[in-house]
Structures are given as C-alpha cells and as structure tokens.
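Undergrad: One structure, pasted below without further comment.
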Amino acid sequence: MMKFKPTENGFYGEFGGAFIPEMLYPNVKELQEKYLDIIYSDEFQKAFKDLLKDYVGRPTPLFYSSNLSALLGAQIYLKREDLNHTGAHKINNAIGQVLLAKKLNKKRIIAETGAGQHGVATATACALLNIECVIFMGEIDIQRQKPNVERMQMLGAKVVAATSGSKTLKDATNEAIREWINNPVDTHYVIGSVVGPHPFPDMVTRFQSIISEEIRVQLSEKTGNPDPDYVIACIGGGSNAIGAFYHFIDNGKTKLIAVEAGGEGVTSGKTAATIALGKKGIIHGSKTYLIQTNDGQIFEPHSISAGLDYPGIGPVHAYLHDKGSVEVVSVTDKEALDAAFQLTKLDGIMPALESAHALAHLTKMNLNKKDVVVVNLSGRGDKDMQTFQKHHSHEE
Ligand SMILES: *Cc1c(COP(=O)(O)O)cnc(C)c1O
C-alpha cells in the first residue's frame, strides 16, 4: 500500500527531481525505468522479507517504556531499530538496494559514508550477497572513525579516501558520483538516505517504510489503535524519519515531528539545522532545502552526531514541511547528550546520539497522560562510546 509517492519524474511538489550531469543519465534512467517492477516482483519481495526477518531481525520490538512514561506523563513507546543487525535502520535500505543491484546484473557496489554507519551496512549486505564493494569516505572521517573503517575492511570492502574539499561526507559523495559516471554499466551506487536524484528518495522511502508498517501492527496489538498521537524521529537526510512517518502521513490523527541537529545552537554557526536555516537549492541531484553560505556555497555543517551532519535534507521532507504535514524542530548537542545519558540510566538502553535528538524533544512537549507517543530509536550508541566517555567525565 503505497499511497504517498512522487510524480513520475520524482517531484514532491517543487522538490526532488533528477538534476544530474548528462554522463550519469544512462545509470539513473535504467534505475528509474526498472526499480518498481523489480521491487514489487514476488521473487524480490520474498527474498527481501526473508532477509529482513531472519538476517536483520525484524520485526524490531515496539517497547513500552513505563519509566519514561511515568517521568513524562504520557504513553511512550520506543521503536527499537537499534536492535537491527549492524545497529541501526540503515541495513533495511542497504539490503534492499544490493538485492536490486543483483537483479540488474550489476557486478559491483559503491557507496559513500560519513561516520561509517552506511558503509558498514552496505559492506555487510555485500558480504552476505557476495558482490564486490567499494566505499568512499572523506580522509578526515577515515581518521575520526577508525573502528568502522576496520569493520568495512574485515567485511571485505575496499575503503577509498576522498581527498578533495573538506575531506568529509559531501566530498565522499562527490567521489562516489564520479566513480559511478565512469562505470555506468556494471556498478550500482547505494545511496544511504532519502537524498540524491530520483528514484533514490522514493526507493529508499519504500525500503524504510517497513518501520511504520510494523508500528501500526504492534500498536494495534498493544492499544487496540494502530495510529499514535505522535511519532518523533531524528532527521539527517531523513531515511529513518520517513520510514517511521510513512504510513501515518496526513491520516488526520498522528502528529509527525522531525528533529534536526541544532549543534551548538541554530544561530551559532555550528549547526546542521537544515530546515531552520536552509534555502532552496540543488544538492546531490535533487532540489531541496540546504544550508548555504552568503555567497551560495554549501555550508560546512556541525553536529555532535556524525549521522545528522549533512547540509541538506531529503526532498520529501522539504515538501512535507512546507505543506505542514510534518513539524520540524531542533535539539542541541548538549540536549541530545543529556537525553542519551537519561535513557541509558532509566531503561538500560544506550541510544545512538542521532536517536537521542528525538528523545530530547520529548521533554519540550506539552503532553497529556493519554497521549500515545512513538519515538523511533534509529540506532544504538556503542559507536558513540568515546563521545559519551568524554562528556561523562566532564559531568562528574
Ligand atoms: C545515519 C543515521 C541517522 C541519520 O540518517 P537518516 O537518513 O536521517 O535516518 C540517524 N540515526 C542513526 C542511528 C544513523 O546511523
């Protein structure tokens, strides 16, 4: 049941599309023409669903947190994407796209990664499905994220350093696109969020929509009603958020809240709050909001969580925000850290710093005892241990 989708050319209102160099046209066109037929074939659906169940560990639990509920005076549920294989929602999309690439007879997978989470998810899917994997990563991120680089290499992927620009995520993305242009026939580019040219935002949305599909079934079982009053998710590019929102969009009941990374504050110059600050423009092949400097260059974003450290936002979110279907708020580094420590002590669940942004917004809401709130816990916090330790010793 996919009631919400872009136009045939990949537009959500004025956002989206496929603004790509001509050299990329054959690859993107092939995907646009084939992705829906492949994804909705019986054979693909069976292979995908079987892997989500037996390999990823879906459905992920919907946990009623009686501790948070008592503290906040509402009915709080946590969607446990942190319990997925490799520790976050990203594996849902990586498996979907690598399966698709095999159906397209591709021999090689390339991907970009910032903190390494999408790189690890993609390298994992490639190991399982036995296909060559090359991951592009900024030179600075390679130094900052050593454990994930070693994980990717152990999984059999080749990690290539992007040495241009600021040597971080957007430069890795540029390198991956360049590589794809040079290998139009045998290579598939696995984009890690609902960004990039059409059909990537729609394709990734479809793979991640399993999250809200499961929430509806699980909430029905627990409360007798599939539709909560609120769903809250953090937003970098926007894949976990659209997955958690998808089946509730414009249902007349559920308020959808996306939480951006405020960094050190929206007006501090060290932030990744795209909707709060962004202007319309084109980034990585689609029209959306992005943070720009005064002379129109892409702004170097900052967030304590590497997964939210992106200067753009998926076009679907630009559209849903402008239309009033999703409320977008922001949370600072400090607020996210506090929320991560709180949930760890309260429930024994250590969330990813990204997910902690969604949790942090809870305390700012005006909640009623009967309100049913679902927070999408997009990933687990093991990867953030160094950051947690640094700040823990400060606090004591
Ligand atoms: C990558 C990541 C995010 C941000 O990506 P989205 O596409 O916005 O979901 C959020 N949470 C975790 C745990 C991540 O690894």
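Bear in mind that the values in this text are calculations on the coordinates, not laboratory data. Since this is a predicted model, take the numbers as computed values, not measurements. Counting neighbours? That spans all protein chains shown, and the Cβs are built from the backbone with ideal geometry, glycine included.
Undergrad: In what sequence, highest mean first, do 15-23, 372-380 appear when ranked by Cβ atoms within 10 angstrom?
TA: Top of the packing list down: 372-380, 15-23.
Undergrad: Can you work out the PRE-style zone for Asp347? Point 7 Å along Cα to Cβ, and I want the residues of region 241-255 with backbone N under 17 Å.
TA: Flagged as within label range: 241, 244-245.
Undergrad: Still on this structure, I have one more. Multiplying the sequence separation of Asn368 and Glu327 by 0.36 nm and subtracting their Cα-Cα distance, what value in nm do you get?
TA: Using 0.36 nm per residue and subtracting the Cα-Cα distance, I get 12.9 nm.
Undergrad: Still on this structure: Sorting Thr187, Thr113, Thr387 on the 10 Å Cβ count, fewest up front, what's the list?
TA: Thr387, Thr187, Thr113
Undergrad: Sticking with this one: Before anything else, pin down the relative contact order of the chain: Cα pairs under 8 Å, at least 6 apart, normalised by residue count, whole percent.
TA: Computed value for the chain: 19 percent relative contact order.
Undergrad: Cut-off 10 angstrom, C-alpha nodes, Gaussian network model of the chain. Which of Met137, Met365, Met152 fluctuates the most?
TA: Looking only at Met137, Met365, Met152, the biggest GNM fluctuation is shown by Met365.
Undergrad: My understanding is that a pair violates if its Cα-Cα distance is over 32 Å; which of Lys279/Lys369; Lys170/Lys345; Lys49/Lys222 do that in this structure? Provide the component values of the computation, followed by the final result.
TA: Working: Lys279/Lys369 38 Å; Lys170/Lys345 35 Å; Lys49/Lys222 23 Å.
Pairs exceeding 32 Å: Lys279/Lys369; Lys170/Lys345.
Undergrad: From the helices alone, meaning DSSP H stretches of at least four residues, give me the mean residue ellipticity at 222 nm for the chain, per-run term -39500 (n - 2.57), in deg cm²/dmol to the nearest 500.
TA: Mean residue ellipticity, 222 nm, calculated: -12500 deg cm²/dmol.
Undergrad: To continue, here is another question. Hey, in the GNM for the chain with a 10 angstrom Cα cutoff, which one of Leu362, Leu256, Leu337 fluctuates hardest?
TA: Leu362
Undergrad: In a Gaussian network model over the chain where Cα atoms closer than 10 Å are linked, find which of Gly263, Gly73, Gly156 has the largest mean-square fluctuation.
TA: Comparing Gly263, Gly73, Gly156 in the GNM, the peak value goes to Gly73.
Undergrad: I've got another one for you. For region 317-331 and region 103-149, what is the separation of their C-alpha centers, rounded to whole Å?
TA: 30
Undergrad: Region 42-98 to region 151-178: how many Å between their Cα centroids?
TA: 27
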